[in-house]
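In what follows, a single structure is set out as structure tokens and then discussed.
Laboratory data are not the source of any read-out in this text; all were calculated from the coordinates shown. Quick caveat: nothing in here was measured; it's all calculated off a predicted structure. Virtual Cβ from ideal backbone geometry, glycine too; neighbours counted across all protein chains shown.
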Amino acid sequence: MSNISWNTIKRLVYERAKGCCEYCQTCEYNTGQPMHVEHIFPNGGNELDNLCLSCSSCNLSKSIAISEIDPETGASVTLFHPRQQTWQEHFEWVDSGLRLYGKTPTGRATIIRLKMNQDRLVRARRNWIATDNHPPSTTSSGDHDSL
Ligand SMILES: [Zn+2]
């Protein structure tokens, strides 16, 4: 992987995720804001299996965290790993797509840490839903295709 340029890596990560955040599913076509290439494990390197596409909100909220307290059990759990876990097993859309519900400790802790249901996101989702642009019909999180 070291012989691949960072620009190529960014393009591969973007295409793999189809331009949508692999945590909260916010899509670039809705926000118009550039997506971030996120290091799932902060010191895990630039390998494609340690990278995911993230919206700025999730990336900045996650920062260097890899775990968070599950609000239901009080246990510290590892945050959702888009390359090793399947999005649909941990999250689902509720309130017609306005909010995310954590189906597992990992899902709940990730929603808290990444502030995936913060007010400004919910307000934005209301507009995306009204224009039939949310939730995304497909998610790449379950893709374990090889690049
Ligand atoms: Zn996000």
Modelled label-to-label distance, SER5 and VAL122, 7 Å Cα→beta-carbon offset: nm?
4.4 nm
Packing-ranked peptide list from 33-45, 102-114, 9-21, highest mean Cβ count within 10 angstrom first, is 102-114, 9-21, 33-45
By per-residue mean of other Cβ atoms within 10 Å, what is the highest-first order of 126-133, 79-86?
79-86, 126-133
Using only DSSP helix segments of four residues or longer, with each worth -39500 (n - 2.57), what per-residue ellipticity at 222 nm results for the chain after dividing by its residue count and rounding to 500?
-8500 deg cm²/dmol
Cubic angstrom per residue, convex hull over Cα atoms of region 6-130:
99 Å³
